[in-house]
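The values are calculated or read from the model by the stated rules, or taken from the named source; none is laboratory data. What you are looking at is a predicted structure, and each value in this text was computed from that prediction instead of being measured. Note that we place each Cβ from the backbone using ideal geometry, even for glycine, and neighbour counts take in every protein chain shown.
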Amino acid sequence: MGAKTDHIRLYIPGPIEVSDKTFEALATPMIGHRSKDFQSLYAGIQPMLQEAFGTRQPVFLSTSSAWGVMEGAIRNLVKTKVLNCCNGAFSDKWLDVSRRCGKEAEALQVEWGQPIRAAQIEEKIKTGEFDTVTLVHNETSTGVMSPLDEIGELSRRYPDVMFIADSVSGFSVVPTPFDALGIDVLLTGSQKALALPPGLGLFTVSDAAFARAETVNDRGYYFDFIEFRANQKNDMTPSTPVIPHIYALRSKLDDIFAEGLENRYARHAKLNAMVHDWVSANGFEFFAPEGFRSKALTCVSNNRGIDTAAFLGLLKTNHRIAIDGGYGKIKGKTFRISNMGDETEESIGGVIAALDDSLAKL
Ligand SMILES: *Cc1c(COP(=O)(O)O)cnc(C)c1O
């Protein structure tokens, strides 16, 4: 990875390392977005996208970062009131976004570091007050993975409530089988586990959510689910998409299916366990409780009280590796190491050796 340059390698939880192969795919000559070439590019990757999302619904490509789709989902689906499940920086922000879209919104606030459980959501939605729920599957800021299966079960029992799941940093790390879960929107972004540069959002929408969107008048244009569906019928997107990313996505999907989805999930679990072993062996603790720890990254509690800024500095200067020094209000109290994307036992082994060396020099 990055063999051509001596750049600082990214082990922050997104953006992450982008392979030379991906950079080559990004440099494919341009085509018109209303051409047959584009239609075959688009149609060609649909089956792989559908398999990765675990769905027979179309998978849409949005030329935006994930936040565009997160805001779009609110605009398309909320009519009465949305329950935003909040347990970290991204999920907390979603509440703010709902309100900025002019929607009635309430937080289900859980302490940072804790998962969102279905029973907590049910307490709120059984009142009948809410028509939409948002949830961040893998809270990247805290390294917490909430259990999607029990939330899917809840979603099936409340068919009139739309469940929107952000799996921006969980997608392709662990299974997120959209149809089997029975949720209504699943979205991700290009710069997390897919290891592409930032700039592309990917999402899928249930029939129930399309039906809801059809009854919402102020969906806007750029993120209108109904526009996406209409254009999809011609293997196109509503506006000119970021075509280089779509070439890169095709290249990445080829790799993902050459490896196999199950092998990919297993590789992420293995690499994550390597980092976890380093955490335990060095007397650190995890920010997330056992059973709810992300497989995409590790959020380490700085219970030893090390100088995280100095630690990050040593990693960068001596090893040309960047990890993250903690997000927002847990900066310095935590640090985060990503194991997403194209990493191998060898590359993560190298990161661990660098962590050891830097810790020893503090
Ligand atoms: C990175 C991330 C986002 C935001 O992605 P943008 O690319 O900045 O829009 C949202 N949710 C989660 C969980 C993330 O990790």
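Computed values, structure above
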read-out	value
Failed item in (1) crowded, with 19+ Cβ neighbours inside 10 Å; (2) in contact with a helix residue (DSSP H, G or I) (Cβ under 8 Å, 6 or more places away or on another chain); (3) more than 24 Å from Ser239 (Cβ to Cβ), with Thr22 passing the rest	(3)
Near pairs, Cβ below 7 angstrom, 6+ apart or cross-chain, from region 200-217 (closer than 15 Å to Thr80 by Cα and away from the ligand (no atom under 16 Å from the Cβ)) to any residue that is among the basic types (Lys, Arg) and outside any helix (DSSP H, G or I)	Ala213/Arg219; Val216/Lys79
Considering residues of region 4-47 that are touching a strand residue (DSSP E or B) at 6+ places or on another chain (Cβ under 9 Å) and part of a helix (DSSP H, G or I) only, the residue farthest from Gly341 (Cα to Cα)	Tyr42
Residue in region 22-37 that is under 22 Å from Val205 (Cα atoms) and not acidic (Asp, Glu) present	no
Flag if Gly291 is outside the structural domain of Pro47 (by TED's automatic domain parsing) and either surrounded by 17 or more Cβ atoms within 10 Å (Cβ to Cβ) or assigned to a helix (DSSP H, G or I) (or both)	no
Region 143-159, subset of a type in the set (A, V, I, L, M) and not in a strand (DSSP E or B), residue farthest from the ligand (Cβ to nearest atom)	Leu154
Pick from region 179-190, criterion part of a loop (DSSP other than H, G, I, E, B) and crowded, with 24+ Cβ neighbours inside 10 Å, ranking: nearest to the ligand (Cβ to nearest atom)	Ser190
Positions within region 50-87 being among the small types (Gly, Ala, Ser), in a helix (DSSP H, G or I) and more than 18 Å from Glu214 (Cβ to Cβ), in sequence order	Ala52, Ala66, Gly68
Extreme residue, nearest to the ligand (Cβ to nearest atom), among residues of region 114-142 that are in contact with a helix residue (DSSP H, G or I) (Cβ under 8 Å, 6 or more places away or on another chain) and part of a loop (DSSP other than H, G, I, E, B)	Thr140
